[in-house]
Amino acid sequence: MKNNSSNRKILMALPLVLFAILYLSVSFNKEYIRPVYGNDPVVGVITGSFSNFMAAFIIALIAIIPVLKRKISLRQSRVYFYSVSILVFGLLVAEEFFSYFGASKTFDIYDILASALGSVMAIVVFEMVIKSFINKRNNN
């Protein structure tokens, strides 16, 4: 019973930890890395698109929490997580085109590519985590 309680506490704290990682990594990139290395063409693109990558990656990963809390099939969890990842990607692309929240000042194709890469990486992490989690759950 104690193990189940500690798992719930971890799952409850996970969104806060993920948002803290998102905020700190984007802030660190903006304040320290981009000003120093942003003049290089390749590094400038990477540092300029880093926030889109991290937003897609971290926000999509938050969708793992409901999957881990409930006993649902691998197929159902995939449909849910892939849908959330596509939705996050779509919202970031819409933000790039229409700038609803003021996060994107100019249209940049690299930001869209970074958002796509972040969503794909979130799916890769999801697949690794969920397979391990379901295997452990089935063995118990």
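Coordinate-derived values only; no laboratory data. Here the structure is a predicted model, which is why all the values come from computation and not from measurement. Methodologically, a virtual Cβ is constructed for each residue, glycine included, from the backbone with ideal geometry; neighbour enumeration extends over all protein chains shown.
When each of PHE81, PHE19 is scored by the number of other beta-carbon atoms lying within 10 Å, the sequence from fewest to most is PHE19, PHE81.
For the chain, the longest principal axis of the C-alpha atoms and the axis of helix 41-61 are separated by about 30°. Considering only alpha-carbon pairs that sit under 8 angstrom and 6 or more positions apart, the relative contact order computed for the range 2-139 is 29 percent. Only helices enter the 222 nm calculation for the chain: every DSSP H run of n ≥ 4 contributes -39,500 (n - 2.57), and dividing by all residues gives -28000 deg cm²/dmol, rounded to 500. Each label point was placed 7 Å from the Cα along the Cα-to-Cβ direction; for LEU117 and ILE62 their separation is 2.3 nm.
Net length available on complete extension from ILE21 to PHE98 is 25.1 nm, with 0.36 nm assigned per residue and the Cα-Cα distance removed.
The slack between VAL36 and PHE133, meaning 0.36 nm per residue of separation minus the straight C-alpha distance, is 30.8 nm. Exposure proxy shown here: for ARG34, ARG70, the number of other Cβ atoms within 10 Å sets the order, fewest to most, as ARG70, ARG34. Rounded to the nearest whole Hz, the Karplus-based 3J(HN,Hα) values (6.51 cos²θ - 1.76 cosθ + 1.60, θ = phi - 60°) of the range 116-130 follow the sequence 5, 4, x, 5, 5, 5, 5, 5, 4, 5, 4, 4, 5, 5, 5, with x at glycine and proline.
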